[in-house]
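Participant: Supplied in C-alpha cells, the structure appears directly below.
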Amino acid sequence: MNYRIHTDAIKENLIPDEVTSVQKSMTYASEADMLNVALFNSTAKQWRDSNSDKKGNIRDYTDINQLLVLANMESYNAILIGQGIPQEERIQILRTYAIKQLNMLSKLGIETIKSFEQK
C-alpha cells in the first residue's frame with residue numbers, strides 16, 4: 001500500500017498531463033532512485049554495476065529492517081511531495097529518517113520482531 005501511496009503522490013504532484021510516457025517513467029525512476037540513495041547510499045544502476053554477479057535489484061537483497069524502513073519512506077516521501085518540498089531537500093530529510101529508523105530497529109533486534117510474529 002505504501003508503494004501505491006508513493007506512486008499516486010508522484011502522479012498527482014510531479015507529473016504534468018502533457019508529458020510523454022517516457023518522461024513519466026523517468027520521473028518514477030528518479031523518485032525510486034532517490035529512495036535507494038537515501039536508504040542504501042546507492043542508485044539502482046550503481047548497485048547493479050557493483051554487483052554484476054547478482055540477479056535482481058538492490059531491493060531483492062535487503063533485510064527485513066531495510067524493507068520496513070523503505071515502506072515507511074515511501075509513505076513519508078508521498079507526504080513531502082504533497083507539501084511541495086523539492087527532491088534535493090527530500091533526500092536529505094529521508095536520509096536522516098532512514099538512519100534514525102534503522103538505528104531504532106537495530107536496537108530492538110531481529111529477535112524482538114520475530115517474537116511479534118509469533119503472537
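FYI, it's all coordinate maths here, none of it is from the lab. All figures in this text were calculated on a predicted structure; none of them were measured in a lab. Backbone-built Cβ (ideal geometry, glycine too); neighbour counts: all protein chains shown.
Participant: So which residues in the range 30-68 are among the hydroxyl-bearing types (Ser, Thr, Tyr), surrounded by fewer than 16 Cβ atoms within 10 Å (Cβ to Cβ) and not in a helix (DSSP H, G or I)?
Facilitator: Residues satisfying the conditions are SER52, THR62.
Participant: Let me ask something additional. Could you list, in sequence order, the residues of the range 10-24 that are assigned to a helix (DSSP H, G or I) and surrounded by 11 or more Cβ atoms within 10 Å (Cβ to Cβ)?
Facilitator: Within the range 10-24, ILE10, LYS11, GLU12, ASN13, GLN23, LYS24 qualify.
Participant: Here are TYR3, TYR28: which of them is touching a Lys or Arg at 6+ places or on another chain (Cβ under 9 Å) and not hydrophobic (A, V, I, L, M, F, W, C)?
Facilitator: TYR28
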